[in-house]
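Trainee: First the structure, then my questions, so here it is.
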Amino acid sequence: MKIKFRTGLVLAFFAVLAIGMGFLSRTERRQRAVIAGLQREKSDLDALRAENEKWKALQVDTAELIRLRQDNAELPKLRNQVWQLRQAMQSQDSQEPELMRQLVKENEQLQQQKRELQALPNRAACIKNLELIDAAKKQWVEQNGSQKGERVTTDVLAAFFPNGFPTCPDGGHYSVNRIGAPPACSISGHAVP
């Protein structure tokens, strides 16, 4: 009788131990999943912080921004005209196809203007970088007495940029070019005027 009791007690002990280990294992898996999720969120947050610092460092010429705003002052008027055309279209069903074509055309023009406006700050920053590279190249020529047509590399000009060699905000690649030729960006429209 004592043996059966001891055997039952041992079996009960192992059953409780197995249940406890299963519970701990499941808890550990949940904690690992939570930790993995938190690590992903932390890396995403670090990436966002780095991008935020990049945007804070970007400096745009305020005179250029003012000029761009003045050049595009008509955009709200055009939007209002599109809205008025939409209202007129709803009240005049007989003219619907022509008005629709006109609205679509004006909408496409507005979208194109919007894309151009959004690209202007990056284009302006790229052109400013190209001008800085050109100035550094001219300064290097003065210091080293080089002749027109000789090659200049980014490694040589890197000393003129203590914060690192400039990069195109749209991901273009800069070509320093030979002496006498302006530097260039691989993105169309990003050029020194």
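Trainee: Please enumerate the residues belonging to region 147-164 that are in a loop (DSSP other than H, G, I, E, B) and surrounded by fewer than 17 Cβ atoms within 10 Å (Cβ to Cβ). Break it down stepwise before answering.
Mentor: Restricting attention to region 147-164, the residues satisfying the condition of being in a loop (DSSP other than H, G, I, E, B) are 147-153, 161-164.
Hits for region 147-164 are 147, 148, 149, 150, 151, 153, 161, 162, 163, 164.
Trainee: Can you name the residue in region 143-180 that is of a type in the set (Ser, Thr, Tyr) and closer than 30 Å to residue 118 by Cα and, of all such residues, is nearest to the chain's Cα centre (by Cα)? Spell out the reasoning first.
Mentor: Keep residues of region 143-180 that are of a type in the set (Ser, Thr, Tyr), which gives 146, 153-154, 167, 174-175.
If we keep only those that are closer than 30 Å to residue 118 by Cα as well, we get 154, 167, 174-175.
On the way: 154: 24, 167: 13, 174: 18, 175: 22 Å.
The selected residue is 167.
Trainee: When only residues in region 165-193 that are assigned to a loop (DSSP other than H, G, I, E, B) and among the hydroxyl-bearing types (Ser, Thr, Tyr) count, which is surrounded by the fewest Cβ atoms within 10 Å (Cβ to Cβ)?
Mentor: We begin by selecting, within region 165-193, every residue assigned to a loop (DSSP other than H, G, I, E, B); these are 165-173, 176-183, 186-193.
Among the residues that remain, those that are also among the hydroxyl-bearing types (Ser, Thr, Tyr) are: 167, 186, 188.
Working: 167: 13, 186: 12, 188: 7.
Taking the candidates together, the pick is 188.
Trainee: Output the number of residues of region 18-56 satisfying the condition of being within 26 Å of the chain's Cα centre (by Cα) and among the polar types (S, T, N, Q).
Mentor: Result for region 18-56: 3.
Trainee: A follow-up question, please. Could you list, in sequence order, the residues of region 149-168 that are of a type in the set (Ser, Thr, Tyr) and at pLDDT 90 or above? Walk me through it before giving the result.
Mentor: To start, the set of residues in region 149-168 that are of a type in the set (Ser, Thr, Tyr) comprises 153-154, 167.
The one that is of a type in the set (Ser, Thr, Tyr) and at pLDDT 90 or above: 167.
Trainee: Got at least one residue in region 111-126 being surrounded by 17 or more Cβ atoms within 10 Å (Cβ to Cβ), at pLDDT 90 or above and either in contact with a helix residue (DSSP H, G or I) (Cβ under 8 Å, 6 or more places away or on another chain) or not small (Gly, Ala, Ser) (or both)?
Mentor: Looking for residues that are surrounded by 17 or more Cβ atoms within 10 Å (Cβ to Cβ), at pLDDT 90 or above and either in contact with a helix residue (DSSP H, G or I) (Cβ under 8 Å, 6 or more places away or on another chain) or not small (Gly, Ala, Ser) (or both), one finds at least one in region 111-126, hence yes.
Trainee: Keeping to region 53-97, report how many residues are among the small types (Gly, Ala, Ser) and modelled with pLDDT of 75 or more. It would help to see each step written out before you state the result.
Mentor: Within region 53-97, the first condition is being among the small types (Gly, Ala, Ser), and the residues that meet it are 57, 63, 73, 88, 91, 94.
Then drop every residue that is not modelled with pLDDT of 75 or more, which leaves 63, 73, 88.
Of the residues in that region, 3 qualify.
Trainee: Among the listed residues 85, 68, 45, 78, which satisfies the condition of being assigned to a helix (DSSP H, G or I), surrounded by 10 or more Cβ atoms within 10 Å (Cβ to Cβ) and not assigned by TED's automatic domain parsing to the domain that holds residue 111? Spell out the reasoning first.
Mentor: Values: 85 fails: not assigned by TED's automatic domain parsing to the domain that holds residue 111; 68 fails: not assigned by TED's automatic domain parsing to the domain that holds residue 111; 78 fails: not assigned by TED's automatic domain parsing to the domain that holds residue 111.
Only one candidate passes the filter, namely 45.
Trainee: Sticking with this one: Determine the pairs where a residue that is assigned by TED's automatic domain parsing to the domain that holds residue 133, located within region 155-172, has a partner that is of a type in the set (Lys, Arg) with Cβ atoms under 8 Å apart, the partner being 6 or more residues away or on another chain.
Mentor: Cβ pairs passing all conditions: 157/137; 170/123.
The values are calculated or read from the model by the stated rules, or taken from the named source; none is laboratory data. Just so it is clear, the model here is predicted, and its values are computed rather than measured. No Cβ is skipped: glycine too gets one built from the backbone with ideal geometry, and neighbour counts run over all protein chains shown.
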